[in-house]
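Q: My structure is below; once you've seen it, I'll send some questions.
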């Protein structure tokens, strides 16, 4: 059985006409930097007279938008959404560490590999910037210890009106009350907590907080308020889009969608976040989304310490970050029938009674490549 590769073919004349040559170059440069299990590998890049081509891994599972449409109710279960969100979060963390602000997160850009794990795609809207990764010692104060959280309705303080009810303990008090544990359980928990918070385990902070751009880029339903207002934006836009992304995975729609693009943009800036009445998603999931969808980017979850503080949220409590590649995916794509796929590709090409000439192979629809 042969291997399948995906080729992104870009018409250079069309890119030039739309003033997108620089974006295509930026995407190629970013792809050449990447080395991460949830990001694409650029196997080859070549040019013809008319086209610029990027050769990458083929993802047989399609994208998360298509996969979501196949789910009951057209939304994922919470465990499935947590699986995909955790892998996307690690991909964003790596991009920020490499000085890349993604800016185009949406289910259509999250591809599913043949093993069921994800691959982020499309970097033509990404922003390259400077980042200075820093190792920060864990806080040793008792108030900064990691607490256990109860996420039952009775354990949530009704008086909490804050957009973020769960924050890492070092930032602000949480509205989630710690569980009451037996002395034996408390001792075990305490030992684990001391180990996690030991000074021998520093935290890597690699968030490009100084990145600034005035570009109006992205998909309307996913645009952050600061982009729409023209305030200038940085890496915090990725945490906003991550919140929209998680909302859509869990509820099957985006939170601010209007009847048209203009109304959608107005809703993003001026409308408060609402959840569908009767939705079965957990309080931890709602709280995480609230923290990510704070309209002020400087108060948004992830602004100061990036993915590090998002990973500490109770929604991800069950995730083993070190062994996430060993986690069984919610769905495994069916094997691809290569001969059938090759036949379908060839039949999609325009008919030409004269055959394909050498000049045709370097222009028009006849690029000289096959599935191999």
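Q: If I ask for residues that are in a loop (DSSP other than H, G, I, E, B), at pLDDT below 95 and in contact with a helix residue (DSSP H, G or I) (Cβ under 6 Å, 6 or more places away or on another chain), which ones from the range 291-312 would you list?
A: Within the range 291-312, 302, 303, 306 qualify.
Q: Now a separate question. Right, residue 235: in contact with a strand residue (DSSP E or B) (Cβ under 6 Å, 6 or more places away or on another chain) and either surrounded by 21 or more Cβ atoms within 10 Å (Cβ to Cβ) or closer than 17 Å to residue 87 by Cβ (or both) or not?
A: The answer is yes for residue 235.
Q: Moving to a separate point now. Hey, can you tell me all the residues within the range 244-276 that are surrounded by 20 or more Cβ atoms within 10 Å (Cβ to Cβ) and outside any loop (DSSP other than H, G, I, E, B)?
A: Matches in the range 244-276: 244, 245, 246, 247, 248, 249, 250, 251, 264, 268.
Q: Here is a follow-up. If you go through the range 35-46 one residue at a time, do you hit one that is crowded, with 16+ Cβ neighbours inside 10 Å, under 24 Å from the mean Cα position of the chain (by Cα), in the same structural domain as residue 126 (by TED's automatic domain parsing) and outside any loop (DSSP other than H, G, I, E, B)?
A: no
Q: Turning to a different aspect of this structure: Those residues that are under 13 Å from the mean Cα position of the chain (by Cα) and outside any strand (DSSP E or B), I need them from the range 118-129; list them, please.
A: Correct list: 121, 122, 123, 126.
Q: How many residues are over 13 Å from residue 90 (Cα atoms) and either touching a residue at least 24 places away in the same chain (Cβ under 8 Å) or touching a helix residue (DSSP H, G or I) at 6+ places or on another chain (Cβ under 6 Å) (or both) if we restrict to the range 313-327?
A: 6
The values are calculated or read from the model by the stated rules, or taken from the named source; none is laboratory data. Predicted model only: the values in this text are computed from it and were never measured. We place every Cβ from the backbone using ideal geometry, glycine too, and count neighbours over all the protein chains shown.
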